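Worksheet for the structure shown next.
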Amino acid sequence: MPALFEAVVGQPKAVAQLMAAARRPVHAYLLHGPVGSGRRAAARGLAAALLCPSGGCGQCNTCRRALAGTHPDLVMVERTGAALDVDEARSIVSRAQRRPLESSRQVLVVTDLHLAAKAVPALLKTVEEPPPATVFILVADDLPPSLSTIASRCVKIPFDPVPEAVVVDWLVAGGVDRAHAESVGRASGGRLDRALLLASDAGFVARQDHWRSVPSRLDGTGAVAAEMADELLASVDEGLVPLRQQHSQELATLAEQAEQLGAKGVQGRKQIEDRQKREERRWRTEELRFGLALLGEMFRDRLVAVAESGPAAGTPGGAGESHRAIRQVEAIDRASEALGRNATESLLMDALMVELSGMTE
Ligand SMILES: [Zn+2]
């Protein structure tokens, strides 16, 4: 059975719970934790266990298709808009009433449940007591209070960000050079999907160097500050290229499969494209956040240097200099926090570079 959860890395507690669930399934599970922590892989593994005639052998055709996400009794429900709405909830409810096509059960995986506050009342009764052949696997980034009723009807399986050391070992086991794995591990934010892409991203090292070059390049002029902001945003765009390639590859594979099955096109193409766009937006934010973290580190080092050399030098300017360094570090932290609040990136970066530049002369 562990083969079913091979792709769930660095989550020993969740895997133990999943294996117990596979042995004695109930009507609904709620997998909650951050993106890239293995929730989707876990949902597929659990689905394989629930659909396989031998309870999850990991070898048979049913298991293989469930793990690949192509089994017809494994239904992935992705929201189409900014949130899962009531109409979508109703279609989930009616889907839950259907009979499985091949197996003795069907598994409905509903993603982004944390964005389903309005849909919860419409879903609640069905999740609480689905038809006997239907099992729900709900997936959420976190558990806001609006989910407490539905969460209380499910077996909750928490996921944590993957520890950096586990990400590094996992990359090394996959053939990545250790030094490179360590810098990728730091940039991964505990996300395996991100770590995997960054590890093979030829531009990753250059982008890091770019951010690190900022303090020495700012010369106190607004022109250079604006130039830096533009350059950094352009390098964030470059960071999106591998993800976009992966996304078009995903659609190409699905189109090929559809053609082999004689279907007219990819089923749920719009939903898949919407999901990909959301992932790309999230990716951008994480690229920027990581860049700002590198920048913050550079200025923190400078602060430490000022603090250490200031009193020794005994110059009257020492206090002013360390005050400036503190303000620079704070400005970077504020910018990083603002990223999560839909701030306009270009304005944010312009303002930050001007601020850093004015203080670094
Ligand atoms: Zn099997």
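The values are calculated or read from the model by the stated rules, or taken from the named source; none is laboratory data. Just so it is clear, the structure is predicted and the values come from calculations on it, not from any experiment. As a convention, Cβ positions derive from the backbone with ideal geometry for all residues, glycine included, and neighbour counts pool all protein chains shown. To get the accessible areas, we keep the full protein, side chains included, count just its heavy atoms, and leave off ligands, DNA and RNA. Shrake-Rupley method; radii C 1.70, N 1.55, O 1.52, S 1.80 Å.
Listed values, structure above:
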read-out	value
Heavy-atom surface of the chain, accessible at 1.4 Å and reported per residue (Å²)	49 Å²
14 Å beta-carbon shell around Pro12, net charge (K/R +1, D/E -1)	-2
Over the chain: helical MRE at 222 nm, DSSP H runs n ≥ 4 each giving -39500 (n - 2.57), nearest 500	-20000 deg cm²/dmol
Per-residue ³J(HN,Hα) for the range 112-119, Karplus 6.51 cos²θ - 1.76 cosθ + 1.60, θ = phi - 60°, Hz, x for Gly and Pro	6, 4, 5, 10, 10, 3, 6, 8
Cut-off 14 Å between beta-carbons: net charge of the residues surrounding Glu280, Lys and Arg +1, Asp and Glu -1	-2
Alpha-carbon centroids, the range 260-314 and the range 196-217: separation in whole Å	11 Å
In the range 1-93, the GluC sites (Glu not before Pro) that fall in loop regions by DSSP, at most 15 other Cβ within 10 Å	Glu6
Cβ crowding within 10 Å averaged over residues, with 207-219, 168-180, 290-302 ranked highest first	290-302, 207-219, 168-180
Cα long-axis angle, helix 345-360 against the chain (0 to 90 degrees, to the nearest 10)	30 degrees
Label-point gap, in nm, between Arg212 and Glu128 - each point 7 angstrom along Cα→Cβ	5.7 nm
Cross-link pairs beyond the 30 Å C-alpha cut-off, checked among Lys118/Lys277; Lys13/Lys270; Lys13/Lys277	Lys13/Lys270; Lys13/Lys277
The chain - percent relative contact order, Cα under 8 Å, separation 6 or more	16 percent
Tilt relative to the chain, helix 164-173 - C-alpha long axis, 0 to 90 degrees, to 10	70 degrees
For Val110, distant residues with modelled amide H under 5 Å away	Val77, Ile137, Leu138, Val139
For the range 22-49 versus the range 86-138, the gap between their alpha-carbon centres in whole angstrom	15 Å
